[in-house]
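This report concerns only the one structure given below.
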Amino acid sequence: MKAKIRKGDRVRVTRGSADDKNKVGEVIRVLPKEERLVVQGVNIVKKHQKQTQSGGRTIPSGINEFEAPIHVSNVELVDAASEKEAKAARAKVAKAKKPATKAEKSAEKAVKAETKKPTAKAETKKPAAKAEAKKPVAKAAAKPAKPAAKKTSDKGK
């Protein structure tokens, strides 16, 4: 899942129980593997807890209320200031930033290329004469050649 909604974003619930529809809340936690998120004040469930003992600690009994995760497809990102859907606002911003045609894109690239300064590396290259002078020297044979071993055969004896 590509995370378009992150922790701290404001979202509006579009589907779910009648109590939770159209509620706007802040994202508390995102669970990307399960494609779910927890929204503050939305999808509140009650869990009855039995008293337990583990490791010398006693957990008291009672009814705990907490926000349960909801699926990402059941919410929409909203603009924090106006509480309206942010999708339209994002589309307007994207259109303003992107050039409309290929000709405009190529014109922008040409302008960028003109503004770049030439690099100093081209001017400081070594002349070709010095490059030719540094040819590898052939190494002299370090080991003397071994004389060929005489083969004697036992066939004639």
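Values in this text are rule-based calculations from the coordinates and carry no lab data. As the structure is a computational prediction, the values presented were derived from the model and not from experiment. All Cβ positions, glycine included, derive from the backbone under ideal geometry; neighbour counts span all protein chains shown.
What's the local net charge at residue 21, with K and R +1, D and E -1, over the other residues with C-beta under 10 Å away?
Spelling it out: positives minus negatives among the neighbours equals +1.
Once R0 is set to 25 Å, what does the formula 1/(1 + (r/R0)^6) return for the Cβ-Cβ distance between residue 47 and residue 19, expressed as a FRET efficiency to the nearest 0.05?
0.90
Sort 104, 26 by Cβ crowding within 10 Å, fewest neighbours at the top.
With the sparsest Cβ surroundings first, the list reads 104, 26.
Subtract the Cα-Cα distance of residue 59 and residue 4 from 0.36 nm times their separation in residues, and report this length gain in nm to one decimal.
16.0 nm
Return the distance in nm (one decimal) between the two label points of a simple spin-label model at residue 40 and residue 73, each offset 7 Å from Cα along Cα→Cβ.
Rounded to a tenth, the inter-label distance reads 2.8 nm.
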